[in-house]
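One structure is given below, encoded as structure tokens.
The values are calculated or read from the model by the stated rules, or taken from the named source; none is laboratory data. This is a predicted model, so every value here is computed, not measured. FYI the Cβ positions are ideal-geometry reconstructions off the backbone, even for glycines, and counts take in every protein chain you see. SASA here: full protein model, heavy atoms, side chains in, ligands and nucleic acids out. Shrake-Rupley method; radii C 1.70, N 1.55, O 1.52, S 1.80 Å.
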Amino acid sequence: MKQLIYFGLEQAKSCVFPVIIFLTLAMTKIIEVPFISRYDLILLVCLGTQVLMVMFKRETLDEVKVIAVFHLIGLALELYKVHMGSWSYPEKAFTKVWGVPLYSGFMYASVASYMCQVWRRLELKLTNWPSTWIVSILSMAIYLNFFTHHFIYDFRWFLKLFTLLIFYRTFVYFTVNKRTYRMPVALSFVLIGFFIWIAENIATFFGAWQYPDQQQQWTMVHISKISSWLLLVIVSFLIVALLKHLKENQSQFKQRKKSKETNEIYER
């Protein structure tokens, strides 16, 4: 139980960005701020939070780059899905582009922020990681399926099966209070997807966006959405893991180069 409490605390510390977004959604739903629309105010809070996270060294500049990538990926998906009628943002705002408020990208970015934070705090390490080209193809296939399933067959179940086949030997090791544990990486995808689904219910309750069946009154988001979030989590996790992997390789290359130069100096 003690270890579980420590684990929960580290998870909570890693969720600063998502928590601030949820608090902002809740407060702006209850309290109306004059002279500024709700969506515009949420965007300002998100931008301010990002700046403060860097200033107080809660996030590194490298992590901000990763988060920016997710912001763009999420915003592109939002523009497409809103256009297709999958969900909507009913309120008016100055910072709304083709029916999508710009703050929406930060909801995806907050997932990336959580992953970067928890990676550092729990000292995540992966074993039996598949080839980079396979991971890259899987990530692109999952992301593209979010767009193409409106016109052709939905391949999500094939993609899930493919994910299990690729990662069945891959484990993630994490450290809690100086003790190391391991978990199948596929299980971590499911768990994160489930908790994002819970967060999605909270977000829609506070009017972050609306599904078609929520226009008259709020209803719980269908449990099938867990599978969508699971796939998005896989994309998020794979991109973060790839960037971490590349950075680690660069660091090792620099160390080897420095060691080689040092040896050459000694030889001289």
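How much length is gained on full extension from TRP218 to ARG121, taking 0.36 nm per residue of separation minus their Cα-Cα distance?
31.3 nm
Could you please put CYS46, CYS15 in sequence from largest to smallest accessible area, using a 1.4 Å probe?
Greatest to least solvent exposure: CYS15, CYS46.
Using only C-alpha atoms and all pairs of different ones, pull out the Kirkwood radius for the chain in Å with one decimal. It would help to have the intermediate numbers written out before the result.
On the way: mean 1/r = 0.0494 Å⁻¹.
This gives a value of 20.3 Å.
Ignoring the sites themselves, what is the longest stretch of the chain with no chymotrypsin sites (Phe, Trp or Tyr not before Pro) in a DSSP loop and at most 10 other beta-carbon atoms within 10 Å?
For chymotrypsin sites (Phe, Trp or Tyr not before Pro) (loop position, at most 10 other Cβ atoms within 10 Å), the longest site-free span of the chain is 154-268.
Roughly how many Å² of LYS225 are accessible to a 1.4 Å probe, to the nearest 10?
That residue has around 60 Å² of solvent-accessible surface.
With the alpha-carbon atoms as the only input, what is the per residue convex hull volume for segment 18-105 in Å³?
Given the Cα convex hull of segment 18-105, per-residue volume reads 101 Å³.
Any chance you could look up the accessible area of ARG182 with a 1.4 Å probe, heavy atoms only, rounded to 10 Å²?
Solvent-accessible area, nearest 10 Å²: 140 Å².
Counting only protein chains, not ligands or nucleic acids, how are ASP213, ASP40 ordered by accessible area (probe 1.4 Å), most first? It would help to have the intermediate numbers written out before the result.
Values: ASP213 100, ASP40 20 Å².
Putting ASP213, ASP40 in descending order of accessible area: ASP213, ASP40.
Placing unit charges on C-beta atoms (Lys and Arg positive, Asp and Glu negative, everything else neutral), compute the dipole magnitude of segment 1-241 about its Cα centre in debye, rounded to 20.
740
Counting other Cβ atoms within 10 Å, which GluC sites (Glu not before Pro) in segment 1-82 have at most 16 and lie in a DSSP loop?
Those that pass, being in a loop and sparsely packed, are GLU32.
Taking only Cα atoms and a 10 Å spring cutoff, compute GNM fluctuations for the chain and point out the largest among GLY99, GLY85, GLY74.
GLY85
Return the calculated 222 nm mean residue ellipticity for the chain, to the nearest 500 deg cm²/dmol, obtained by summing -39500 (n - 2.57) across DSSP H runs with n ≥ 4 and dividing by the residue count.
Numbers: 9 runs with 180 residues, N = 268.
Dividing the helical sum by the residues of the chain leaves -23000 deg cm²/dmol.
Below 22 Å Cα-Cα, how many Lys pairs turn up in segment 1-241? Only count pairs eight or more apart in sequence, or on different chains, if you could.
Close lysine pairs found across segment 1-241: 16.
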